[in-house]
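We did not get these values from a lab; they are worked out from the coordinates using the rules stated. Since the structure is predicted, the reported quantities are computational estimates derived from the model, not experimental observations.
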Amino acid sequence: MNGHEYDELTADEEALTSAEEAIEFHLEGLLDEGRELPAPGAVATYQALPEYAGGVWASVEAYLND
């Protein structure tokens, strides 16, 4: 190992980081437009929908700037 491998994100970690950034950007955009944020929903609700069958599910945290 060259010592840098621990600093590099795996494809899964990179995907989760991108998802966090996209969610934060979307939520900040809604707030900037004066719109309400959507209420959180249960993952099971979406997992039960046929269009999401076989999907991969993950949970990320999103933080909004003050």
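Stretching residue 15 away from residue 42 to a fully extended chain increases their span by 7.6 nm, per 0.36 nm per residue minus the current alpha-carbon distance. Gain on full extension, evaluated as 0.36 nm per residue between residue 24 and residue 61 minus their Cα-Cα distance, stands at 12.4 nm. What percent do you get for the relative contact order of the chain when only Cα pairs under 8 Å and 6+ apart count? After rounding, I find 44 percent.
Note on the chain: with a GNM built from Cα contacts shorter than 10 Å, the maximum mean-square fluctuation among 51, 24, 36 falls on 51. Which of the three applies to the chain, rounded, prolate or oblate, going by the alpha-carbon gyration tensor with a ≥ b ≥ c and a/c under 1.5 meaning rounded? It comes out oblate by the Cα gyration axes.
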